[in-house]
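> Structure below; questions to follow.
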């Protein structure tokens, strides 16, 4: 992935108010595009924006 506007999981957590583990789960389930710089993963802003503007639904039991 070429360098595009991106956020770290910590950034997404701070913006959304969701725990870091939830951000990692959502990124995996929703197949967010990402690239790495060393040990830090950056998630594509387009993918993150979709999560930020949608209403969370409860997980199925």
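> Taking each pair of different alpha-carbon atoms in segment 1-56 once, compute 1/r for the pair, average those values, and report the inverse of that mean as the Kirkwood hydrodynamic radius in Å to one decimal.
11.2 Å
> Further question: Between residue 37 and residue 25, what is the spin-label point distance in nm, taking each point 7 Å from the Cα along the Cα→C-beta axis?
My value for the distance between the label points is 2.9 nm.
Throughout, read-outs are computed from the coordinates displayed, never taken from laboratory work. This is a predicted model, so every value here is computed, not measured. For neighbour counting, all protein chains shown are included, and Cβ atoms are generated from backbone atoms with ideal geometry for every residue, glycine included.
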